[in-house]
1. Could you list, in sequence order, the residues of region 48-81 that are among the acidic types (Asp, Glu) and either closer than 20 Å to Asp13 by Cα or under 12 Å from the mean Cα position of the chain (by Cα) (or both)?
2. Would you please name the residue that is nearest to Pro16 (Cα to Cα), looking only at residues in region 88-108 that are under 14 Å from the mean Cα position of the chain (by Cα) and surrounded by fewer than 17 Cβ atoms within 10 Å (Cβ to Cβ)?
3. Between a residue in region 7-18 that is more than 16 Å from Glu48 (Cβ to Cβ) and any residue that is modelled with pLDDT of 80 or more, which pairs come within a Cβ distance under 8 Å, given they are 6 or more apart or on different chains?
4. So if I check each of Ala57, Ala63, Ala4, which one is at pLDDT below 95, buried (at least 16 other Cβ atoms within 10 Å of the Cβ) and not aromatic (Phe, Trp, Tyr)?
Amino acid sequence: MNVALQDRNVYEDFDPRTDTLYFKVGSHDLVSFHGKNYNIKRRLSPEERKRLTSDTAFFRLEANCYVNAGKITHMEEDALCFGDSTKRIPCSKRQQQMILNLLASAPH
């Protein structure tokens, strides 16, 4: 049985808004993007980092961690879950409620 390869290589044609489940901003302008089955670290300019952190698709979970609200499939006791992958990120009930409000007010 042949397995069809994706037309696009995530590492070469990376789009944070569509490919990222969440990202963390580190020191020296280094941003770590976490996807379904990969982690990509990129050095971004201050303008790129500001544009990314102010994007309405991402919710600020912690001082340096932003989640792609549209990629959250469900919420558990104290965690956000992303699809059938094993990627989970800890999240308080208060933050979960804020994300639910954000998703409810977003245009469909």
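1. Of everything in region 48-81, those that are among the acidic types (Asp, Glu) and either closer than 20 Å to Asp13 by Cα or under 12 Å from the mean Cα position of the chain (by Cα) (or both) turn out to be Glu48, Asp55.
2. Selected residue: Arg88.
3. Here the result reads Val10/Asp19; Val10/Gly35; Val10/Tyr38; Val10/Ile40; Tyr11/Tyr38; Tyr11/Ile40, each pair linking region 7-18 to a residue that is modelled with pLDDT of 80 or more.
4. One residue alone meets the criteria, Ala57.
The values are calculated or read from the model by the stated rules, or taken from the named source; none is laboratory data. Since we're looking at a predicted model, the values are computed, not measured. Neighbour counts run over all protein chains shown; Cβ positions are idealised from the backbone, glycine included.
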